[in-house]
Amino acid sequence: MEPGYSEEKFKQHIRTVVTAAEGDSLEERPLTLDELKELALSMGMRDDEWEALQKKAFVHLQLAEDHLKARNFEQAIQEAEQATSINPYIPNGNSVLAKSYQMLWLEDNETSAGEKAEYYARKELLTDPNDKVAINVLSAINKKKKLGGKDKKAIKKYLMIGGGAVLLVIILMVLFNQGEQSAASNELENQLIEAQEDVFSKLDLVETAIDQRNAMLPDLFGVVSNESSDLSALNREIDNLQNKIDEVSGSAKFELEQKLDEKIGEAKLLVQKYGQPESVKRLMIQIEGAENRIAFEKKNYNDAVKSYNILVKKSKGAYPDYELESYYNAD
């Protein structure tokens, strides 16, 4: 410790100087160095103690500059604050603070550090308008602020463009989905139309085959009807069934046609009891050929119905004009 130097007086001096400095804004006249010395002496500090404090301030400032070069920005700020607390007019004191806070701001992007960098740079320029460090700090801060403003505008612009693009994509997707749904709906309806027409055409083939078989029945019964009352009774039943079949459709028609097939089968067995002249044999072969044709066309019809009914179920009632069709019972 230097002769006559009092640590308590030093701390008291720092508190007094800081209080005086904080009480004034940059626009107001700050205390001069001579006024600060007079204030310190009025508190009982001697001249040699004042000089010792000024040397201490330069030591702190040198440490601050060393820390700044080593990029120890927080330590540089602590030492520079110690120096300027002792002597607010120490050369480069505020510029070191400005530079240290600027580097801390650039490194950590802390808003408060940027504000302090600007504050100390302006404070330095009040005492030394040509201080290059302070000028460079203010220039860098102003550029960053302008760039930041541009970035915000650019970000806002990009957000608006991006939002518009997203909205456009959503609209296009909705329209595309609607178009796909409409196309899919039209495609399904077209498939229903084609499948229904296929069912109708297959049903015509079945009925044509049945008509061809039934057209042979009178010849069959005409050969032996006079010799069998049972066969005559069957002939009447077959006629009645054919009349009923002409009056119904759908599953009811298919059921009657199934009964008709059974009665025709009984009739063929009765014909065989009374012998089979060559004419009857040829007729029986033709009838069996017709029945094979009926079975074949029924299978094709059932396949067409299956495909059609699947489409009807897929439509989930969207097309009420298209209803499920009945199957022929397997022979």
> Which residue out of Y327, Y319 is within 19 Å of L205 (Cβ to Cβ) and not β-branched (V, I, T)?
Replying inline: Y327
> Are any residues in segment 269-300 buried (at least 17 other Cβ atoms within 10 Å of the Cβ) and not hydrophobic (A, V, I, L, M, F, W, C), and if so, which ones?
Replying inline: E291, R293, E297, K298
> Could we say that A140 is of a type in the set (G, A, S) and not assigned by TED's automatic domain parsing to the domain that holds M45 here?
Replying inline: yes
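For (1) out of contact with any helix residue (DSSP H, G or I) (no Cβ under 7 Å at 6 or more places or on another chain); (2) assigned to a helix (DSSP H, G or I); (3) within 27 Å of V199 (Cα to Cα), each residue gets a yes or a no:
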residue: K253; (1), (2), (3): no, yes, yes
residue: Q258; (1), (2), (3): yes, yes, yes
residue: G265; (1), (2), (3): yes, yes, no
residue: V280; (1), (2), (3): no, yes, no
residue: M284; (1), (2), (3): no, yes, no
residue: I294; (1), (2), (3): no, yes, yes
residue: K306; (1), (2), (3): yes, yes, yes
residue: P320; (1), (2), (3): yes, no, yes
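Looking at segment 99-147, which of its residues are among the polar types (S, T, N, Q) and modelled with pLDDT of 75 or more? Break it down into steps so the answer makes sense when it comes.
Taking segment 99-147 and keeping what is among the polar types (S, T, N, Q), we get 100, 102, 109, 111-112, 127, 130, 136, 139, 142.
Answer for segment 99-147, where residues must be among the polar types (S, T, N, Q) and modelled with pLDDT of 75 or more: S100, Q102, T111, S112, T127, N130, N136, S139, N142.
Here is a list: F73, F58. Which entry is surrounded by 14 or more Cβ atoms within 10 Å (Cβ to Cβ), under 60 Å from the mean Cα position of the chain (by Cα), under 20 Å from Y120 (Cβ atoms) and of a type in the set (F, W, Y)? Let's see the steps before the verdict.
Numbers: F58 fails: under 60 Å from the mean Cα position of the chain (by Cα).
Of the residues listed, the single one that is surrounded by 14 or more Cβ atoms within 10 Å (Cβ to Cβ), under 60 Å from the mean Cα position of the chain (by Cα), under 20 Å from Y120 (Cβ atoms) and of a type in the set (F, W, Y) is F73.
Given the structure, is A80 buried (at least 20 other Cβ atoms within 10 Å of the Cβ), closer than 28 Å to E38 by Cβ and of a type outside the set (S, T, Y)? Lay out the reasoning, then the answer.
Numbers: buried (at least 20 other Cβ atoms within 10 Å of the Cβ): yes; closer than 28 Å to E38 by Cβ: yes; of a type outside the set (S, T, Y): yes.
Judged against the criteria, A80 is a match.
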> Looking at (1) within 59 Å of the chain's Cα centre (by Cα); (2) at pLDDT below 90, which is the only condition G265 fails?
Replying inline: (1)
> When you look at Y301, is it assigned to a loop (DSSP other than H, G, I, E, B) and within 21 Å of L256 (Cβ to Cβ), yes or no?
Replying inline: no
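The values are calculated or read from the model by the stated rules, or taken from the named source; none is laboratory data. Small disclaimer: the values here were computed from a predicted structure and weren't measured. For neighbour counting, all protein chains shown are included, and Cβ atoms are generated from backbone atoms with ideal geometry for every residue, glycine included.
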